[in-house]
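The values are calculated or read from the model by the stated rules, or taken from the named source; none is laboratory data. Just so it is clear, the structure is predicted and the values come from calculations on it, not from any experiment. Virtual Cβ from ideal backbone geometry, glycine too; neighbours counted across all protein chains shown. All accessible areas refer to the heavy atoms of the entire protein, side chains included, with ligands and DNA or RNA removed. Shrake-Rupley method; radii C 1.70, N 1.55, O 1.52, S 1.80 Å.
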Amino acid sequence: MTSTTMLILGASGDLAKRLLLPGIGSLIAGGDADDLHLLDGLRVVGSGRSDRADEWHDIVAEAFEQVGAEGDAADAILDATRYVRADPTSADDWSSLLDGVDGDLVVYFALPPAIVSKVAGVLEGLDLPEHTVLAVEKPFGDDADSAEALNEALRRVVPEERIHRVDHFLGQRAALAVLATRFNNRLLESAWNADEIERVEIVYDEQLGLEGRAGYYDTAGALRDMLQSHLLQVLAVTACEAPGGFDPAHLRDALASVLAVTQVWSGAPVFPNTDSPSRRARYTAGEVGGKHLPDYTAEDGVDPEHETETLAEIALEVANARWAGVPFVLRSGKAIGDPANEIRVRFRPVRFRPDGQSGDGHPEIVRFGFKPPRIELQFTAGGGSMPFELEPIRMTGELPKTAVTEYGEVVRGVLGDDPTLSIRGDVAVQCWRIVQPVLDAWQRGEVPLDEYAAGSDGPASWS
Ligand code: NDP
């Protein structure tokens with residue numbers, strides 16, 4: 001059996017501890033026999049410039065405990081794991097990083113984005129194991145050109161099919177449910193187009209504020225952090241044409257095709273009180289989830305001059321025969337009091353109503369919820385207390401629970417050499433192309449930076 005080493009660069013950081021290591025554990029806790037086979041003989045090596053060797057075993061053990069990973073598979077990984085203190089940008093340090101690696105290698109870049117291309121440059125000059133896989137986190141570059149340059153740097157190390165540009169939203173149950181449901185459900189499949197659908201909203205709000213991540217977030221903001229990456233991938237699975245199969249070649253082609261024709265909305269205004277297809281805002285002090293949050297600009301490490309938005313909304317169009325004329329609204333915000341997170345597909349009103357009423361009454365809406373993962377149908381139905389009286393009915397189905405987390409899906413893809421749920425290089429570039437006009441308009445000051453109190457649902461003028 002060939003053993004695999006997963007070398008986590010930046011293992012001392014938040015991602016490794018909070019998401020990646022629990023993701024590995026979740027495959028032990030909730031995966032099937034194939035997953036356990038993938039983990040058989042896995043050596044997890046953490047590394048970073050800071051010395052965490054003494055704590056490392058406990059960090060991995062706690063991550064496993066958190067997701068209920070136990071038994072022989074968990075013990076084997078815990079026994080074999082180790083930490084190497086090294087600077088991944090130094091070619092000299094790589095001899096210690098590669099020491100003891102004698103099978104396949106996965107290099108997981110859990111590093112600040114600015115460091116990734118530097119490390120890729122170092123890797124280019126090294127003698128890596130024949131089967132080396134690179135897993136790179138978002139944000140992938142900071143515009144189309146830098147994403148293309150990063151693609152080239154990574155492809156000088158390994159071929160495209162062994163580069164996993166990770167977007168864990170593709171492993172979210174809601175995203176997987178949209179893909180599986182819309183093409184396999186007669187009711188939805190036949191209605192999934194501009195003739196029937198009026199508007200699509202993809203919303204991912206959260207109560208959390210900055211949480212000490214100014215170093216990254218204050219130069220990114222909600223648009224780059226959430227919309228440009230995660231929510232565009234969700235748009236792609238919501239809007240793509242039927243792939244020939246759910247395999248990497250077909251699915252990634254389908255996602256790339258739909259993103260290639262996605263652009264900033266150019267139709268009639270979508271948001272009230274503005275002609276702009278985008279809005280942005282920043283939170284001020286307030287109470288959220290029983291916790292006081294300071295004004296965003298008073299958070300440690302924030303530079304108010306950056307004018308970083310903590311809430312962003314953009315309207316996009318998918319310029320093809322299926323979707324022309326339907327706005328796709330993407331929204332994500334921090335410090336939102338009552339956060340929604342769902343894909344909301346709103347149907348058009350019926351053409352004629354025999355009760356003589358006009359308007360759409362209660363529109364039909366299909367929701368795919370992220371947290372908890374669920375599918376909800378809201379539809380107009382007869383059966384009110386008076387004859388022919390209409391009532392909106394909601395039917396909600398929680399998706400079956402699984403112990404495998406989104407990062408469990410990521411790890412499954414990376415170790416299994418299956419890039420189905422990772423981003424192809426051209427798509428990473430497209431995603432920057434799509435949002436660039438909005439970034440440019442904001443840069444030119446054409447869209448005001450509104451304010452909202454932490455704990456509210458956004459600026460009052462937006463509702
Ligand atoms: P951190 O900012 O916590 O950094 C991770 C580690 O990188 C640090 O602990 C540090 O380790 C190392 N590092 C920092 N600067 C340098 C440098 N100049 N040279 C070499 N190593 C450096 O990042 P996160 O863990 O939060 O995120 C990692 C990646 O994952 C980022 O690309 C992020 O965008 C992405 N991501 C993060 C998510 C999250 O929730 N955290 C969610 C989704 C994606 P040391 O000092 O020991 O070297």
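Using a 1.4 Å probe on the protein heavy atoms, what percent of the accessible area of the chain belongs to carbon and sulfur?
On the chain, the fraction of accessible area on carbon and sulfur atoms equals 49 percent.
From its DSSP helices (H runs of at least four residues, each -39,500 (n - 2.57)), the chain gives a residue-normalised ellipticity at 222 nm of -9000 deg cm²/dmol. Cross-link partners for residue 401 among the aspartates and glutamates, with Cα-Cα distance under 17 Å and sequence neighbours closer than 8 places in the same chain left out: 32, 376, 409.
The slack in the chain from residue 257 to residue 76, taken as 0.36 nm per residue of separation less the alpha-carbon distance, amounts to 60.9 nm. For segment 102-135, the residues whose amide N sits under 19 Å from a probe point set 7 Å from the Cα of residue 89 along the beta carbon direction are 108-126.
Using R0 = 25 Å, the C-beta based FRET efficiency linking residue 249 and residue 189 works out to 0.70. For the residue pair residue 388 and residue 463, what label-to-label distance in nm results when each label sits 7 Å from Cα along the Cα-to-beta-carbon direction? Computed distance between label sites residue 388 and residue 463 equals 3.5 nm. Using the 1.4 Å probe convention, the accessible area of the chain works out to 44 Å² per residue with neighbouring protein chains retained. Within the shell of other residues whose beta carbon sits under 14 angstrom from the beta carbon of residue 462, the net charge comes to -3, with Lys and Arg scored +1 and Asp and Glu -1. Label separation (residue 124 vs residue 143): 2.1 nm, computed from points 7 Å beyond Cα along the C-beta direction. Where in segment 45-78 does the label zone of residue 99 land, with the point 7 angstrom along Cα→C-beta and an amide N cut-off under 20 Å? Inside the label zone: 45-57. Just to confirm my numbers, what's the Cα centroid distance between segment 28-104 and segment 320-397 in Å? Segment 28-104 and segment 320-397 have Cα centres spaced 45 Å from each other. Tell me the net charge near residue 109. Cut-off is 13 Å between Cβ atoms, residue 109 excluded, with +1 for each Lys or Arg and -1 for each Asp or Glu. Taking every Cβ under 13 Å from that of residue 109, the sum is +2. DSSP beta bridges confined to the chain are antiparallel in about 55 percent of cases.
The mean sequence distance of close C-alpha pairs (under 8 Å, at least 6 residues apart), as a share of the length of segment 342-438, puts its relative contact order at 16 percent.
Explain nothing, just the number: dipole magnitude of segment 170-462 about its Cα centre with +1 on each Lys and Arg Cβ and -1 on each Asp and Glu Cβ, in debye rounded to the nearest 20.
820 debye
Histogrammed with a bin width of 20 Å, the alpha carbon distances of the chain distribute as 23, 55, 20, 2, 0 percent, first bin at zero. Taking a sphere under 14 Å around the Cβ of residue 85 and counting the other residues whose Cβ falls inside, with K and R at +1 and D and E at -1, yields a net charge of -4.
Distance between the 7 Å Cα→Cβ label points at residue 117 and residue 292: 4.4 nm.
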